[in-house]
Each structure stands twice: as structure tokens, then as C-alpha cells.
Ligand SMILES: N[C@@H](CCC(=O)N[C@@H](CS)C(=O)NCC(=O)O)C(=O)O
């Protein structure tokens, strides 16, 4: 299989962490894509131009981190990320959605910062900075939830990849005033799969 990524993409990082956690490294070739660039040859591979993008061994291409993770998780017949039934499953999905919401907002903020300075929208930056501040407060209150503390799951993985975006955006300062989150994050990212996929600093 071939996985197209960029090193700074938090969505691609989710998939890269899963590849390592599931010990699939020898089955997946990681390829750096050139995104956000006119006439990139990558657009011939994935017309949307987004990463992550998995090309399966049968040649079929899959977009969307959640779909790619699901596919990879089922490959060995020993899925790690199947959800419990009932209320626990709803809680798992609720928390994952909240983590993804934080990530989505941070991605919009990061995209704005990647533009030439005279093309950036201060309104969008302010809106996303405020959204992330509210959501970090919310996560400080939720982080003791049992689902955030147990065996590795998608809510944990997504939240850790979202918080890791402070390496790309120094204005995303989520540590001050949130005593529980940094301890949680440092423990999560001590896993070799997170250490090996840390995004490069800067935009
Ligand atoms: N919902 C998608 C989001 C993917 C996404 O937005 N990727 C960004 C990088 S973080 C991208 O490829 N951007 C390139 C572009 O917008 O052209 C997922 O979960 O995979």
C-alpha cells in the first residue's frame, strides 16, 4: 500500500500513528505529497489534492483519515479501534467528534497562517483562536473521562494530534492555565508512534 502524506498534516499523522501502533510499517510505503501548489503532480494521483490518501494494494484509493484508519484496523483481523456497544460507544464517538472539531478549527487557522501575510484574514484567525481557546478549556474539564484514560483509542489519538499542532502554530498556546492537559499530552506523546510522527516546527 502507499500512503500519501505531508509531514505537517495532523490528519495524516493520525494514520501514521495507527500504522506504527498496528505494526504495519513494512506493508505501507509513505510518500510525501506536494499539496497546495498549482499543477502539483499529486493532483494526478488524488484529484482533491488532500492528504492523507491511501492507495490499497488493489489500486483503489481512499481519502479521509477516519476511513483509512478503519480500513487499516481491519486488515489483520485484530481491530484495535472497534467501539463498545451502547452508551459507552456514544461517549467514544462524542469525544472523538470533539477532538476532530478542535483539529478542524486549528487546520483552518493554520491554513490562514500559511498564506502570504497580505492575504490572511484577521477575522478568521481571531475566530479560530477563540474557538480553540474555548475547546481547550472544555478538554481540560473532559480529560479525566474514562475513555480518555484507557487503552489507546481514536478520541485520544485525535486529541493528541490536534494539540501537537502548537509546533506549527506558536500562537496556539494551550498549556498555560490547563494543568491536566499537558500531563495527559506528555504521557500520550511519549509513545514511540507519536515521537516518530511529530510535525516539523514552523509553518
Ligand atoms: N477530513 C480530512 C481532512 C484532510 C485535510 O484537510 N488535509 C489537509 C492537510 S491537514 C490537506 O490535504 N490540505 C491540502 C489542500 O487543502 O489542498 C481527513 O480527515 O483526512
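Taking the DSSP beta bridges with both ends in the chain, the antiparallel portion is around 60 percent. Here r is the Cβ-Cβ distance between residue 60 and residue 144 and R0 is 35 Å; the resulting FRET efficiency, rounded to 0.05, is 0.30.
When the chain is treated as a GNM with alpha-carbon contacts under 10 Å, the residue of 24, 54, 106 showing the greatest mean-square fluctuation is 24. Using the Cα gyration tensor of region 135-203, with a ≥ b ≥ c the square roots of its eigenvalues, what is the shape: rounded (a/c below 1.5), prolate (a/b larger than b/c) or oblate (neither)? Oblate is the answer for region 135-203, as a/c is 1.5 or above yet b/c matches or exceeds a/b. Footprinting exposure proxy ranking of 123, 189, fewest other C-beta atoms within 10 angstrom first, gives 123, 189. For region 1-43, backbone nitrogen atoms closer than 12 Å to the point 7 Å from residue 78 Cα along Cα-to-C-beta are found at 22-24. For the chain, the mean residue ellipticity at 222 nm estimated from helices alone is -15500 deg cm²/dmol, where every DSSP H run of n ≥ 4 contributes -39500 (n - 2.57) and the total is divided by all residues, rounded to the nearest 500. Cβ crowding within 10 Å, taken as a proxy for footprinting-reagent exposure, orders 4, 145 from fewest neighbours to most as 145, 4.
Once the C-beta distance of residue 34 and residue 137 is scaled by a Förster radius of 25 Å, the resulting FRET efficiency is 0.10 to the nearest 0.05. Multiplying each eigenvalue of the alpha-carbon gyration tensor of the chain by 5 and taking the square root yields semi-axes of 26, 25, 14 Å, largest first, rounded to whole angstroms.
Rule-based calculations on the coordinates, nothing more; no lab input. Remember, predicted model here, so these are calculated numbers, not experimental data. Cβ sites come from the backbone with ideal geometry, for glycine too, and all protein chains shown count toward neighbours.
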